[in-house]
Structures are given as structure tokens and as C-alpha cells.
1. Out of residues 5 or more away from HIS197 or on other chains, whose amide H comes under 5 Å of its own, with H placed 1.01 Å from N in the peptide plane?
2. Tell me which trypsin sites (Lys or Arg not before Pro) from segment 96-142 have a DSSP coil assignment and no more than 10 other beta carbons within 10 Å of their own.
3. Skipping prolines and chain starts, which residues have an amide H placed within reach, meaning under 5 Å, of the one on GLN142, given they are 5 or more residues away or on another chain?
4. What ³J(HN,Hα) values, in whole Hz, does the Karplus curve 6.51 cos²θ - 1.76 cosθ + 1.60 give for segment 51-59 when θ = phi - 60°, with x put for Gly and Pro?
5. Given an 8 Å cut-off on Cα distances and at least 6 residues of separation, report the relative contact order of segment 73-165 as a percent.
6. Carbon-plus-sulfur fraction of the accessible area of segment 100-204, 1.4 Å probe, in percent?
7. Which distance in Å, rounded to a whole number, links the C-alpha centroids of segment 98-166 and segment 174-225?
8. Multiplying the sequence separation of SER84 and ASP97 by 0.36 nm and subtracting their Cα-Cα distance, what value in nm do you get?
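The values are calculated or read from the model by the stated rules, or taken from the named source; none is laboratory data. Treat the numbers as computed from the prediction; the structure is a model and nothing was measured. As a convention, Cβ positions derive from the backbone with ideal geometry for all residues, glycine included, and neighbour counts pool all protein chains shown. For accessibility, only protein heavy atoms count, side chains too; no ligands or nucleic acids. Shrake-Rupley method; radii C 1.70, N 1.55, O 1.52, S 1.80 Å.
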Amino acid sequence: MVSVFPVTGAKRIVGAALRRRLMGTLIGSMVLVMALPAAARAETILIMGDSLSAAYGIEPSAGWVNLLKQRLDDEHQVINASISGETTSGGAARLPDILDQHDPDIVLIELGGNDGLRGLSPQQMQVNLAKMVERSEDNGAQVLLLGIEVPPNYGASYASAFRGVFSQLAEEYEIPLLPFLLEGVDLSTMLQDDGIHPTAEAQPIILDNVWTLLAPMLDAEDQAD
């Protein structure tokens with residue numbers, strides 16, 4: 001049989017048809033990929049705290065931060081950068097490098113207790129915490145502020161100024177605040193022998209306190225993704 005087209009022309013037509021078919025397949029694959037739901041990205045949660053978040057005096061597995069990891073069931077990455085004895089000054093100094101390293105979505109700031117125990121200036125504490133809030137937000141993270149209170153023997157005036165630091169920061173930066181991390185903890189039976197640090201029994205209560213404010217933030221992150 002004699003070909004209607006010259007051999008060379010036939011090759012060109014077959015080649016063009018093949019290219020069109022491959023192009024159609026490629027475009028179809030791209031459309032399919034674009035139509036698939038994006039995989040949810042696990043949020044990274046950073047805790048910048050002191051001994052109250054570092055499980056001081058108890059098994060690390062019993063601390064509220066580890067209990068948080070268990071509750072999240074590996075759905076989110078939890079970075080605990082808490083150090084026993086840490087002050088707001090030390091936290092503010094350490095934070096930039098930690099932000100660069102972990103790029104967290106949510107930062108929990110639980111600092112101030114050691115400033116209070118040392119009788120440091122509430123005004124300077126506020127400056128340090130403000131720096132941490134601003135640096136976290138500049139890095140794209142949401143911030144949750146976890147407040148603490150000083151013992152009553154420090155005097156009503158100092159205790160009031162100390163407490164006011166957290167509420168003023170929360171109002172100024174419009175961030176959620178847990179006024180007292182140990183709310184609901186029986187301070188007569190759930191503190192260690194030093195009278196300062198919570199026992200293992202108190203840790204689930206602390207976690208529940210934090211969870212009331214953290215859970216809505218996680219939901220907001222999920223919706224944003």
C-alpha cells in the first residue's frame with residue numbers, strides 16, 4: 001500500500017500527536033495534584049520557661065510539658081527550652097537563637113518567677129518579657145503568656161506590681177494570658193518540700209490550665225493551614 005503522506009511527513013505528524021498526548025497527560029497530572037488537599041503541617045510549640053516547666057524535682061516524664069506531648073500524640077512538635085533558675089533576662093537573651101533554630105508557630109512564655117523570688121524590678125521584668133513577645137511575633141509566632149505570682153510575704157505592693165506586669169503585657173500586645181499557672185493546685189499539699197515547686201500530682205492540673213488557652217490557638221493554626 002502506498003502511503004498518502006511522504007514518510008518524513010508521517011513521522012512529523014505521529015511525533016506531533018505523541019507530543020500533544022504527553023502534554024495532555026502532564027497537564028492532567030498537574031491538575032490532579034493541585035486538586036489534592038495539602039497535607040496539614042504539624043505546628044511547632046516552643047516553651048520558654050523556668051523550673052516550673054522543666055519538671056524540677058520530679059521525673060521529667062511527669063512534668064506538664066511532657067504530659068502536653070502525650071496529649072498531642074505527636075501531632076505537634078513540642079520544644080521545651082525551659083531551664084531551672086531562668087530569669088526573664090536570661091530568656092530574652094536565649095530566645096533569638098532558639099527562634100532561628102526551631103521557627104515555632106506558637107511560643108509559650110513562662111518566666112518571671114525567679115525574678116520575683118530575687119526581688120528584681122517588675123519594670124525590668126516587663127521590659128524583658130516585652131522583648132520576648134515582640135521577637136516571637138516578629139518571627140511569625142503566636143504567643144501565650146503564662147503568669148505566676150510571688151508569695152504573700154513579699155508584700156502587697158510588690159505582689160500587685162508583679163501581677164500587673166502580665167496583665168499589662170497581655171493588654172498591650174493583645175495576647176492570651178493565663179493569669180496564674182498554678183490555679184487550682186492545692187498549695188498546702190501539692191508542693192515539694194521547698195514550698196515552691198509543684199509535685200507530680202499537680203502537673204495534670206497545670207496542663208489543664210495551659211490547655212484551656214492553648215487548644216484554641218492550635219485550632220486557629222489548623223484552620224489557617
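1. GLN192
2. Values: sites: ARG118, LYS131, ARG135; in loops: ARG118.
Hits after loop and neighbour filter: ARG118.
3. ILE106, VAL107
4. Each residue's phi maps through the Karplus curve to give 4, 5, 10, 9, 6, 5, x, 10, 5 Hz.
5. Relative contact order of segment 73-165: 32 percent.
6. Working: 2390 of 5060 Å².
Of all accessible area on segment 100-204, carbon and sulfur atoms account for 47 percent.
7. 15
8. Numbers: separation 13, 0.36 × 13 = 4.68 nm, distance 1.88 nm.
Residue separation times 0.36 nm, minus the Cα-Cα distance, leaves 2.8 nm.
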